[in-house]
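A.B. asks: To start, I am sharing the structure in question, which I have written as structure tokens.
The values are calculated or read from the model by the stated rules, or taken from the named source; none is laboratory data. Every value quoted in this text rests on a predicted model; they were computed, and no experiment measured them. Note: ideal-geometry Cβ built from the backbone for every residue, glycine included; neighbour counts use all protein chains shown.
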Amino acid sequence: MSLNYYEIFNLPVEFNVDLKSLHERYGEIQKSIHPDRFAAATKLEQQHSLVKSTQVNEAYQTLKNNLLRAKYLIELNYKNDPLPLSSDFLMQQMEWEEELEEIKEIEPLIVFKENIKMNVQKETLKLSKLLDQDRNWEDAQISLGELKFLSNLLTKTTELSHTLSDN
Amino acid sequence: MALLQISEPGKATLPHEHRRAVGIDLGTTNSLIASVISSQATVIENSYNEKIIPSVVNYSKKSSLVGTSAKENQIIDPKNTVSSVKRLVGKNMDDINPASFSLTLKNYENTIGIETIQGLKTPVEVSSEILKYLKNLAEGRLGGELMGAVITVPAYFDDAQRQATKDAAKLAGLNVLRLINEPTAAAVAYGLEQEIEGNFVIYDLGGGTFDVSVLRLSKGLFEVLSTHGNAQLGGDDYDQILAEWLVKDDLNNNEPQVKESLLKIARNVKESLTNKDLVHVDEEITSTIRIQKKIDRTQFSQLTKSLTEKTLTSVKQALRDAEIDAGDIDGIVMVGGSTRMPSVQKSVQEFFNQPLLNNLNPDEVVAIGAAIQANMLAGNANDDILLLDVIPLSLGIETIGEIVERIIPRNSTLPIAMAQEFTTYKDGQTAMIIHVVQGERDLVKDCRSLGKFTLKGIPPMVAGAAKIRVTFQVDTDGLMSVTAKELSTSVESSIEVKPSYGLSEDQIKLMLESSYTSAEEDKESRALAEAKTDASQLVEMTNNALNSDKALLTPNEKKLIEEDLDLLNKSLVTNDRVLIHQLTEKLNSTSGVLASKRMDQSIKKALSGKNINSLEL
């Protein structure tokens, strides 16, 4: 498909996406091109439907997720490799990882998780401004790198909370 | 006609255009076949007024029985009676514990051979007997040949098990419209019955498999968010534990007849406990073995607690993968005869802290959902509903150190494709082997091997210079296919698949051919008839498409299509099968551009409707 992911869903090319509209449009499109609509059609139509439906799924999954969407948006505008993250930032990450390893109980984990969540939100807002207001792709790339670290940490935190609550 | 329905939604089919499509629940213990008859999804009964057909096949020297009569022979002829064959489908001897089956099983090529009086039978062949029986039943009731069938599989079935199910259908002469996951089929039946929206959990405990799916229903869109389960856990395992408890203090006897009798008694006790609180057992299995025991609901619940706990672990994982809390679930649907057990219902209800939805018959709901879906796919009904399902297990490839590199993560919405780039490690290397596995573990040996793909025809280059992009595609049946292209030269590699399980295309062809006796079929005239049918369908569809959308084509494109259409039309009066086939392929290829442009137009149409609405807000 020659349309970019935003064009497929007829959405403005921005980081801030109306997820409700995205989901509705995704549903409308798949309802008309999904392979299930072509189960009684010719083999060639089935093949086309499979390819297009796959592309629409890929577009939807990308735009639905903050990290993937930001990466896609940057790639549309900027082709350079990302600059390295600041050592201050990396040090803070290491400290937090070490702190997480020490946590063995639910209460301190909840406090820790709230802190990381807050940082994720802050970083996401920063990224959003860099992309949508400033169109500053270089700094946005760095911000995205930081957000990836924070998201990973949040995932690990959530996994630990599951483990602790199961036992 | 699927093409027409895109441009004219809401047009119902005329009676003479109604295609006979069925939904088949091919279960471990029981099977059902259903169809939409006069707008009502109905399970079809056999001549004994049975809706539920035991998934049992009894082989005698020259024929076979399917269903209740086969089941009745199980006690007297256990060596030739195959039940629960679904547990063997898509597997080989390394995957199973032969001791837990009362049949004699042997290694047979890439699959399992079941010893019967008719020789070794593969699980695919046994399954096809059941499907053939159901097909005949439906054709009798519906008054003619079936156009297609939707067959259900456990959501947790892997690629090999799904492929084997499709192979069994092929052998039975069924056109598979779609394989759909059992929980999703149940959701369709409930969703349409109640016309509800929200987050739903489908808890499906059958005879041999357990699935749990989390779905979101909204405006006719059924989206599976996650699925989890155990393809080796079902009601049969509850029977097994109970049977072991029944003989615990008595003789240890391994004869197949004794095993079967014990399991039958255990099953009856389990079912009785659904309606009674206490059951007394007083059965003579042989002249020397007599069981005298009593058991109540609490004891049964304790005995089988670990099995039920296992199912709840899957439920927890599915909720986590879907990123939804138990408290945000709007309804829990119980599917499968085994969910009648009071201990199971109690545990699930306690887990979700809300009453369960079980107003539809748990035995029939999967077949009903499949029939509704089949009716839609055949083009008989309005396409207001769409199922978006997911791949249940991650797909990966083997890399250095026998480690799995995940290519397609589990719970990805289907259809999906992912590309991975590889390079050569020797100068002039023209081929490479890719080993594809399925599962969540990190080591290859802990995952299921799906097959080895040999890519050939890589242009010879310096080691490391070739950039081969391998694309893994998983379709809406959950089946994987692979294509490969060398990027710098755009040369497409040819791919040879060596599946790790199951029968090859050639083996299936051979089996199909040997099932046609010379009295039944003249192979050549049948092939000619098929070629003519395919050709006339394509002619009709292309004509319709041209009539409605020729404006989308350039004059040259239109001319090419019309020329090939004319040639194909003319060939239909000949009996030259090869010519008809060639011209069909040619028209398919030429009209591709029209199909593609129509598709893009549908997308724009789907969105332009939305735009107008949002402006009015």
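A.B. asks: Looking only at residues that are hydroxyl-bearing (Ser, Thr, Tyr) and part of a helix (DSSP H, G or I) in segment A:13-52, which one is farthest from A:Ser128 (Cα to Cα)? Working first, answer last.
C.D. replies: Within segment A:13-52, the first condition is being hydroxyl-bearing (Ser, Thr, Tyr), and the residues that meet it are A:21, A:26, A:32, A:42, A:49.
With the extra rule that they be part of a helix (DSSP H, G or I), the set shrinks to A:21, A:26, A:32, A:49.
Values: A:Ser21: 19, A:Tyr26: 23, A:Ser32: 33, A:Ser49: 35 Å.
Among those residues, the one meeting the criterion is A:Ser49.
A.B. asks: If you don't mind, another one. So, in segment B:525-560, of the ones that are at pLDDT below 85 and farther than 19 Å from A:Ala40 by Cα, which residue ends up farthest from the other protein chains (Cβ to nearest Cβ)?
C.D. replies: B:Ser525
A.B. asks: Which residues, counting only those in segment B:522-559, are outside any helix (DSSP H, G or I) and loosely packed, with under 13 Cβ neighbours inside 10 Å? So that I can check it myself, show each step before the final result.
C.D. replies: Going residue by residue through segment B:522-559, those that are outside any helix (DSSP H, G or I) are B:522, B:553-554.
B:Asp522, B:Thr554, listed by residue number.
A.B. asks: Going through segment B:569-590 one residue at a time, which ones are more than 23 Å from B:Ala529 (Cβ to Cβ) and crowded, with 16+ Cβ neighbours inside 10 Å?
C.D. replies: B:Thr590 - this is the single residue of segment B:569-590 that is more than 23 Å from B:Ala529 (Cβ to Cβ) and crowded, with 16+ Cβ neighbours inside 10 Å.
A.B. asks: Any idea which of (1) within 30 Å of B:Glu50 (Cα to Cα); (2) small (Gly, Ala, Ser); (3) part of a helix (DSSP H, G or I); (4) touching a residue at least 60 places away in the same chain (Cβ under 8 Å) is the one B:Ala381 doesn't satisfy?
C.D. replies: Only one criterion in (1) within 30 Å of B:Glu50 (Cα to Cα); (2) small (Gly, Ala, Ser); (3) part of a helix (DSSP H, G or I); (4) touching a residue at least 60 places away in the same chain (Cβ under 8 Å) is unmet by B:Ala381, namely (3).
A.B. asks: Write out, first by first residue and then by second, each pair whose Cβ atoms fall under 8 Å of each other, whose residues are 6+ apart or on separate chains, and whose first residue, in segment A:99-122, is surrounded by fewer than 12 Cβ atoms within 10 Å (Cβ to Cβ) while the second is modelled with pLDDT of 95 or more.
C.D. replies: Close Cβ pairs (under 8 Å, with a partner that is modelled with pLDDT of 95 or more) do not exist here.
A.B. asks: In segment B:432-457, what residues are without any contact (Cβ under 8 Å) to a residue 40 or more places away in the chain and surrounded by fewer than 15 Cβ atoms within 10 Å (Cβ to Cβ)? Even if it seems obvious, please write down each step before you answer.
C.D. replies: First, pick out the residues of segment B:432-457 that are without any contact (Cβ under 8 Å) to a residue 40 or more places away in the chain: B:432-433, B:435, B:441-442, B:446, B:457.
Within segment B:432-457, B:Ile433, B:Arg441, B:Asp442, B:Asp446, B:Gly457 meet the criteria.
A.B. asks: Further question on the same structure: Does segment B:440-462 contain any residue that is away from every other protein chain (no Cβ under 14 Å) and hydroxyl-bearing (Ser, Thr, Tyr)?
C.D. replies: Yes, because at least one residue in segment B:440-462 is away from every other protein chain (no Cβ under 14 Å) and hydroxyl-bearing (Ser, Thr, Tyr).
A.B. asks: Select from segment B:81-126 the residues that are of a type in the set (D, E, K, R) and modelled with pLDDT of 90 or more and write down the one among them that is surrounded by the most Cβ atoms within 10 Å (Cβ to Cβ). Quick ask: steps written out before the conclusion?
C.D. replies: Just the residues of segment B:81-126 that are of a type in the set (D, E, K, R), to begin with: B:86-87, B:91, B:94-95, B:106, B:109, B:115, B:121, B:125.
Those still in the list that are modelled with pLDDT of 90 or more too: B:86-87, B:91, B:106, B:115, B:121, B:125.
On the way: B:Lys86: 29, B:Arg87: 19, B:Lys91: 20, B:Lys106: 11, B:Glu115: 15, B:Lys121: 24, B:Glu125: 25.
So the residue we want is B:Lys86.
A.B. asks: Hey, among the residues in segment A:37-67 that are of a type outside the set (S, T, N, Q) and away from chain B (no Cβ under 13 Å), which one's nearest to A:Pro12 (Cα to Cα)? Break it down stepwise before answering.
C.D. replies: Filtering segment A:37-67 down to residues of a type outside the set (S, T, N, Q) leaves A:37-41, A:43-45, A:48, A:50-52, A:56, A:58-60, A:63-64, A:67.
With away from chain B (no Cβ under 13 Å) added as a condition, the list becomes A:63, A:67.
Working: A:Leu63: 12, A:Leu67: 17 Å.
Among them, the one singled out is A:Leu63.
A.B. asks: Taking the options B:Asn353, B:Asn375, B:Asn382, name whichever one is within 20 Å of the chain's Cα centre (by Cα) and not β-branched (Val, Ile, Thr). Even if it seems obvious, please write down each step before you answer.
C.D. replies: On the way: B:Asn353 fails: within 20 Å of the chain's Cα centre (by Cα); B:Asn382 fails: within 20 Å of the chain's Cα centre (by Cα).
The conditions single out B:Asn375.
A.B. asks: Kindly evaluate B:Thr286 against the criterion of being within 30 Å of B:Leu319 (Cβ to Cβ) and hydroxyl-bearing (Ser, Thr, Tyr).
C.D. replies: No.
A.B. asks: Another question, if that's okay. Would you confirm, using the coordinates I've provided, whether B:Val89 is touching a strand residue (DSSP E or B) at 6+ places or on another chain (Cβ under 8 Å) and in contact (Cβ under 8 Å) with a residue 40 or more places away in the chain? Don't jump to the end; show me each part of the working.
C.D. replies: Numbers: touching a strand residue (DSSP E or B) at 6+ places or on another chain (Cβ under 8 Å): no; in contact (Cβ under 8 Å) with a residue 40 or more places away in the chain: yes.
For B:Val89, the condition - touching a strand residue (DSSP E or B) at 6+ places or on another chain (Cβ under 8 Å) and in contact (Cβ under 8 Å) with a residue 40 or more places away in the chain - is not met.
A.B. asks: Taking segment B:390-424, which residues are more than 10 Å from chain A (Cβ to nearest Cβ) and part of a loop (DSSP other than H, G, I, E, B)? Before you say what the answer is, go through the steps one by one.
C.D. replies: Residues of segment B:390-424 more than 10 Å from chain A (Cβ to nearest Cβ): B:390-411, B:419-424.
Across segment B:390-424, the qualifying residues are B:Ile391, B:Pro392, B:Leu393, B:Ser394, B:Ile400, B:Gly401, B:Glu402, B:Pro409, B:Arg410, B:Asn411, B:Thr423, B:Thr424.
A.B. asks: Any idea which of B:Asp167, B:Asp211, B:Asp237 is more than 26 Å from A:Gln46 (Cβ to Cβ) and either within 14 Å of chain A (Cβ to nearest Cβ) or in a helix (DSSP H, G or I) (or both)? Show your work before the answer.
C.D. replies: Numbers: B:Asp167 fails: more than 26 Å from A:Gln46 (Cβ to Cβ); B:Asp211 fails: either within 14 Å of chain A (Cβ to nearest Cβ) or in a helix (DSSP H, G or I) (or both).
Exactly one residue qualifies, and that residue is B:Asp237.
A.B. asks: Same structure, new question: Considering segment A:67-113 alone, what residues qualify as being under 20 Å from the mean Cα position of the chain (by Cα) and charged (D, E, K, R)?
C.D. replies: A:Arg69, A:Lys71, A:Glu75, A:Lys79, A:Asp81, A:Lys113
A.B. asks: Mind listing just one residue for me: the one in segment B:350-378 that is in a helix (DSSP H, G or I) and free of Cβ contacts under 8 Å to residues at least 12 places away in the same chain and, of those, farthest from B:Ser39 (Cα to Cα)? Steps first, please.
C.D. replies: Our first condition is that a residue be in a helix (DSSP H, G or I); within segment B:350-378, this holds for B:350-352, B:365-377.
Going one step further and asking which of them are free of Cβ contacts under 8 Å to residues at least 12 places away in the same chain, we end up with B:350, B:376.
On the way: B:Glu350: 38, B:Met376: 11 Å.
Among those that are in a helix (DSSP H, G or I) and free of Cβ contacts under 8 Å to residues at least 12 places away in the same chain, it is B:Glu350.
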